[in-house]
1. Within a Cβ distance under 9 Å of C:Trp169, other residues only, what is the Lys/Arg minus Asp/Glu net charge?
2. Within 10 Å of each residue's Cβ, count the other Cβ atoms and sort C:Asp204, B:Asp25, B:Asp78 from fewest upward.
3. Non-local amide H neighbours of A:Lys188 (under 5 Å, H modeled in plane, Pro and chain starts lacking H): which ones?
4. Around A:Leu40, under 15 Å between beta carbons, what's the net of Lys plus Arg minus Asp minus Glu among the other residues?
5. Report, in debye and to the nearest 20, how large the dipole of chain A comes out about its Cα centre when Lys and Arg carry +1 and Asp and Glu carry -1 on their Cβ.
6. Using bins 20 angstrom wide from zero, how does P(r) for the protein assembly as shown break down, in % of all Cα pairs?
7. Count the lysine pairs in region A:6-154 whose Cα atoms lie under 23 Å apart, taking only pairs 8 or more positions apart in sequence or on different chains.
8. Once you put a point 7 Å from the Cα of B:Ser231 and another 7 Å from the Cα of C:Thr225, both along the Cβ direction, what distance in nm separates them?
Protein chains: 4
Amino acid sequence: MIKLTIWNEFVHEQEHEEVRKVYPDGIHNALAKGLADAELQIRTATLQEEEHGLSESVLADTDVLVWWGHMAHDRVDDAIVERVHKRVMEGMGLIVLHSGHFSKIFKKLMGTGCDLKWREAGERERIWVVNPAHPIASGLPEQFVLEQEEMYGEHFDIPAPDELVFVSWFEGGNVFRSGCTFHRGQGKIFYFRPGHETHPTYYDANVLKVIANSVRWAAPSGAATPVRGHSEPSLEPIRAKN
Amino acid sequence: MIKLTIWNEFVHEQEHEEVRKVYPDGIHNALAKGLADAELQIRTATLQEEEHGLSESVLADTDVLVWWGHMAHDRVDDAIVERVHKRVMEGMGLIVLHSGHFSKIFKKLMGTGCDLKWREAGERERIWVVNPAHPIASGLPEQFVLEQEEMYGEHFDIPAPDELVFVSWFEGGNVFRSGCTFHRGQGKIFYFRPGHETHPTYYDANVLKVIANSVRWAAPSGAATPVRGHSEPSLEPIRAKN
Amino acid sequence: MIKLTIWNEFVHEQEHEEVRKVYPDGIHNALAKGLADAELQIRTATLQEEEHGLSESVLADTDVLVWWGHMAHDRVDDAIVERVHKRVMEGMGLIVLHSGHFSKIFKKLMGTGCDLKWREAGERERIWVVNPAHPIASGLPEQFVLEQEEMYGEHFDIPAPDELVFVSWFEGGNVFRSGCTFHRGQGKIFYFRPGHETHPTYYDANVLKVIANSVRWAAPSGAATPVRGHSEPSLEPIRAKN
Amino acid sequence: MIKLTIWNEFVHEQEHEEVRKVYPDGIHNALAKGLADAELQIRTATLQEEEHGLSESVLADTDVLVWWGHMAHDRVDDAIVERVHKRVMEGMGLIVLHSGHFSKIFKKLMGTGCDLKWREAGERERIWVVNPAHPIASGLPEQFVLEQEEMYGEHFDIPAPDELVFVSWFEGGNVFRSGCTFHRGQGKIFYFRPGHETHPTYYDANVLKVIANSVRWAAPSGAATPVRGHSEPSLEPIRAKN
């Protein structure tokens, strides 16, 4: 069974009444409940916990990590970011949600600025599947609607994704590459756009299906062990040169 | 359980004593035996059978098709090629082995000439894993040796593969992109280089592991249904233009 | 100077008054005029000409070929399609416009069905640049508007493009990967979505800029000569095996 | 004319007699001489200069930066690394040579460990063109030989390159992805493997041709200006939700 850790900075929900109304137990617990039937072994972790809840032992016991952050990116300890990065290099999957595009770990993995445009206007978002053969799109309709969401618009400053799974249409005239896969080291990474804290996005059945699919996709799938970092004796005879 | 059909043109083995010695029951049966433990439901098919053994019902009941051909590419009926192509578009996986690079179905899927260089000199091949995180490399060492193989050398005239899994080193000085994935329609395609008919390559444990891994990778993994081919009513209001 | 040949099936303009009003001299001549300042050496060719205007000598003298077709895809001679394909393999650039997605040459190069959805509702299209560093986007604003266009909607059945340059937003709620690059053989291919025959799209300054940019991008840029199709002597000593 | 800055840590040549014999004026000056005919406007910079020779004004006046480093990666000031990174994001090209795979700037751009294997055995390297249509391969033979080089072997811990141009064959049995392109922000990046400090690699005509080609390829080619980092007013009407 896949071991999933859901990380949430858990600040908006404690500071803003508007957000607490939508997610009274925090986004992490809403997600944990929403994914309860997905045959995953789920734990949560938050910024406020010791080591942000991401101790060596927790990460060693995590197949896939979900990341939601926004206000408090800077409060995440660099040492923890390094630790998460190391685990991704070793094969841990990472699902970065919404405003996590600006998290330290995502920027470190991408190597780019990860900036974008936004608009908080409660507008309609249509999320279109542009790669219907991808396992992350499994079981989805060709598109689904979020009646009110924050807009994220291009240009999104990421490396070209290895696979583009979703493109969002926004009522106000923008588009966005909403579902992007990346491979870094042995780890698989999925960025998924929706999830503004004032909208009930993480209760939406299609959104939860995407996240569940992406967790399964990102889980380590059995791999060869990379061999690196040493001086290697010759495998074949090398002729003496002059 | 994944339903695998192994297709072989089965001509060399019947016409050339040298090949029959290596594969007395044909390459298809050697592969079927070698993959027997891989928890697959296996059938075989050959050029000589009616409809080349690839009737509508056989293909409808096939999750992944393995293809070995060489001398008789031209004898494969165009209608059967269309039928296989249609199934790949619908999501059937396709594993193309060795000289299958010049098969009608591979060339049709690639859109390029698919030519390469070769040398029959019984030389050593080292197959290096360049994408150790890929499920097709699961359980492999960082490289493995085929003591004697035909050389295939670059330039290999294919579209840039979606993922490059293996690169071959040849004793005689050449390299080759030996393990390449492609996605076409709903189908996953894997090209795997080794398998000259005069060498016992398909008895090699690592080669069999790669093929078994690739069959699992190429099997339909649950997907969204693409919606295409119709005029679509508007989803959102369209303002009248002057 | 880049030698550009603009090919148009030139049927709508001769058969439909509505189209003739927009393109009285045909889409090919409208494009030729629109690109006149782009420092290109331009000729046109149409379906009705001998060999569709694409003789061996014309193609040999063409660096980049633009293709517009719709009603008459089936009337394009297979031998001419093979000839164009051969030239793309040799390095000729190919710009496929709008309904050319269903042309024989595009489908042959892609290896997929190339189907999509459409709607003729005169709706607004916003073409967003998602790859601003790409030379095909040179000099463009971050997005531009076509006040009335036919909608093309996902899913678009193509291989994942090598580079995605544009994504379209449609008023009626759809999105589309509108600018896609592919490499096949030595040739560069660009698919560009806009250009319905009843709208004055090919007079739009931004559309013309994209096409001019794409012609420059697709022109042969000096390359190595691929070496293939022969049995190659060994470059390094091969030890005798027992 | 493209403005090229060649950066070299310039430590080996000052500390090791063996290296000084090969590059008495430093690798940077050997490269500058070797590229003198390439119609580039060339300056050099080294670790020992103030701000490592990479002041704001120098970088602002640089189209493409070449980077060679090895022993002294850690001595490169983090602030200079940030400055170079910012310029790549803005569109400056970056050519990373050989042991530069472990430089701070390359690792920051890749987001991975960038480790590999090596062997200093003076063995033969054959560099094969696997993408002959790429402008970086322009004018090269299908392969070229470096009689003695350090081996770099897979697995090379980088993201899958956007384009793979060269693969190296090594006498001792290894292979390596030797020429890799990446796009990050508005900048183009090329990693090129050869260039061990004890071998006269940067006097080789083919190596110099690759570097000259890559500088031309990586130069800013005219692009759209990305628009990001602000809250954007609606472009289309947004209906009030209940």
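1. Net charge around C:Trp169: -1.
2. Exposure proxy ranking, most exposed first: B:Asp78, B:Asp25, C:Asp204.
3. Here A:Gly93, A:Leu94 satisfy the definition.
4. Result for the neighbourhood of A:Leu40: +1.
5. Result for chain A is approximately 980 debye, rounded to the nearest 20.
6. All Cα pairs considered, the percentages come to 13, 45, 36, 5, 0.
7. For region A:6-154, the number of qualifying lysine pairs is 7.
8. Label at B:Ser231, label at C:Thr225, 5.3 nm between them.
Quick note: the coordinates plus some simple rules give every number you see, no bench work behind them. Note that the structure is predicted; figures quoted are calculated from it, not measured. Quick reminder, even Gly has a Cβ in these numbers, built from the backbone with ideal geometry, and neighbours come from all protein chains shown.
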